[in-house]
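Asker: Would you mind keeping the following structure in view while I ask a few things?
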Amino acid sequence: MSRTNFYLFLAIAGVSNLTFSMNSMLFSLFAQKVGYSSPETGLLISILAIGSLVGGPVWGRITDCWEHRKLLISLSLLGQGLFSFLTPLISQIEWLTIARFFLGFFLVAQAPILNQLMVNVADIEERSYKISLLNITRAIAFSLGCLLSGISIEIQPALNFYLPGTMAFVTFFLSLFLKEVDQLITFSQEENFAPSHSFLLLDKNLVWFFLPIFLRACGINGLNFFVSLFWETQGQSSSFSGLVFAVANFFQWIFFPLVSRKCSRSEVKNIQAISVGYFLSVFPFLILPFLGKGWILLLPQSLISISFAYFYLGSTMSIRFIVAPHRQTEAMGWIETSINLGGTTGPLLFSILLAVFQQNFPPVIFIFSLFPISALVTFLFRRKSFLPAEKESSI
């Protein structure tokens, strides 16, 4: 992998994450200003995740079969720019729903492709360095997007979509300078892996691997996409909400290199990292309803950010050991799909429960704590099945 390609990959990952954060994290405030109801807002938030849900395995499968990564990445950037620009221009909810679906579909493309390339770098130190830098770039871009989103909503809400759309178009032209990347596979034999089913989820072991990812995403996304409204009822401004998201995300910058170095060493370390990630995901739901306002709100959001670093890196790097090389990009896509399926279900359920409880947030947050708790219990119950038999005793 050339240095130019790697730096372009960083730009692509960063712009995609910035586009995602500006189009999603404070979208509930934008929708409220436009006049959408809570169920309509939940639908528009969820449809973005549905697009990513569909796109994850589709992009991954196409890449595994075709391998023309340059064209696929360029197409994804073009789609991001187009549908981000269209969002504030559409007034009818039916057409806006379609636009949000395709935005999510194109947003997810870079994640499985870049993740598969990074985890299969042969040298351990180089792999750790590149995975760390890739995810730190994503975290920085996410934080920047939250900051810009909080500011732009108070100045001109449409900037939330025009700014990332413009950056996506610029990055599209930069992606044309990518050199075709050959498949970076370090395994010399595929007989070490169980035979692949034509449909990846027919492997029951992988179903148990992806299920906790979905459960965690349900809880976290349901909370994250509506917590800004909860803070608003406590007198917090939208700019402060964006700042809390951005500062809390800073902890990912610290933990990505630490977790990446740990996970690069062995399969066991990956499983341990995933377990820690699910464990930390539980606490924000238990403490958030009791917190007041101000900087104390950083505590639950910081735990969410740290938990993501552990669970996401552990999960993506585990794919290298549990899925055959020719199906790894598709498996990476299923990780993104599991996250986005939770991103679809979580906000929708959260919005419905908010209506049932008449906008009373604390009981809804407590109910949603069942999702990360279930994810933790499910993964701990099955964790040994994701390791070779000789390493199970190390857990």
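The values are calculated or read from the model by the stated rules, or taken from the named source; none is laboratory data. These numbers were taken from a predicted model, which means no experiment stands behind them. Every residue, glycine among them, receives a Cβ derived from its backbone with ideal geometry; neighbour counts consider all protein chains shown.
Asker: Name, by its number, the condition in (1) in a loop (DSSP other than H, G, I, E, B); (2) modelled with pLDDT of 85 or more that does not hold for residue 192.
Answerer: Answer for residue 192: the failing condition is (2).
Asker: For region 296-318, state whether one or more residues are aromatic (Phe, Trp, Tyr), assigned to a helix (DSSP H, G or I) and farther than 18 Å from residue 142 by Cβ.
Answerer: Scanning region 296-318 turns up no residue that is aromatic (Phe, Trp, Tyr), assigned to a helix (DSSP H, G or I) and farther than 18 Å from residue 142 by Cβ.
Asker: Please state which one of 76, 52, 84 is modelled with pLDDT of 85 or more and within 30 Å of residue 324 (Cβ to Cβ).
Answerer: 76
Asker: Something else now. Kindly indicate the residue of region 16-49 that is farther than 15 Å from residue 88 by Cβ and hydrophobic (A, V, I, L, M, F, W, C) and also modelled with the lowest pLDDT among those meeting that condition.
Answerer: Looking at the filtered set, the residue picked out is 25.
Asker: While we're on this one: Counting just the residues of region 109-131 that are of a type outside the set (S, T, N, Q), in a loop (DSSP other than H, G, I, E, B) and at pLDDT below 80, which one comes out surrounded by the fewest Cβ atoms within 10 Å (Cβ to Cβ)?
Answerer: Only one residue tops the list, namely 122.
Asker: Here is a follow-up. State whether one or more residues within region 1-15 are modelled with pLDDT under 80 and either surrounded by 17 or more Cβ atoms within 10 Å (Cβ to Cβ) or within 18 Å of residue 115 (Cβ to Cβ) (or both).
Answerer: Yes, that holds for at least one residue.
Asker: In addition: Under 28 Å from residue 358 (Cα atoms), in a helix (DSSP H, G or I) and within 18 Å of the chain's Cα centre (by Cα) - does that describe any residue in region 267-283?
Answerer: Looking for residues that are under 28 Å from residue 358 (Cα atoms), in a helix (DSSP H, G or I) and within 18 Å of the chain's Cα centre (by Cα), one finds at least one in region 267-283, hence yes.
Asker: Right, something else. Is at least one residue of region 132-147 within 30 Å of residue 27 (Cβ to Cβ), at pLDDT 70 or above, basic (Lys, Arg) and not in a loop (DSSP other than H, G, I, E, B)?
Answerer: For region 132-147, residues within 30 Å of residue 27 (Cβ to Cβ), at pLDDT 70 or above, basic (Lys, Arg) and not in a loop (DSSP other than H, G, I, E, B): present.
Asker: Just to check your reading of the model, which residue among 261, 216 is within 15 Å of the chain's Cα centre (by Cα), assigned to a helix (DSSP H, G or I) and among the charged types (D, E, K, R)?
Answerer: 216
Asker: Which residues, taken from region 238-276, are farther than 25 Å from residue 147 by Cα, surrounded by 21 or more Cβ atoms within 10 Å (Cβ to Cβ) and not aliphatic (A, V, I, L, M)?
Answerer: Once the filter is applied, which keeps residues that are farther than 25 Å from residue 147 by Cα, surrounded by 21 or more Cβ atoms within 10 Å (Cβ to Cβ) and not aliphatic (A, V, I, L, M), region 238-276 yields 260, 263, 264, 270.
Asker: Does residue 252 fit the bill of being over 30 Å from residue 155 (Cα atoms) and part of a helix (DSSP H, G or I)?
Answerer: When the stated conditions are applied, residue 252 does not pass them.
Asker: Out of curiosity, is residue 378 touching a Pro at 6+ places or on another chain (Cβ under 8 Å), touching a residue at least 24 places away in the same chain (Cβ under 8 Å), over 26 Å from residue 242 (Cβ atoms) and in a helix (DSSP H, G or I)?
Answerer: Taking the combined requirement at face value, the residue satisfies it.
Asker: Being among the β-branched types (Val, Ile, Thr), surrounded by fewer than 23 Cβ atoms within 10 Å (Cβ to Cβ) and modelled with pLDDT of 90 or more narrows it down to one of 322, 352, 365, 373, so name that one.
Answerer: Within the list 322, 352, 365, 373, the selection yields 373.
Asker: Restricting to region 284-294, and then to whatever is in a helix (DSSP H, G or I) and free of Cβ contacts under 8 Å to residues at least 40 places away in the same chain, can you tell me which residue is nearest to the chain's Cα centre (by Cα)?
Answerer: Out of the qualifying residues, it is 287.
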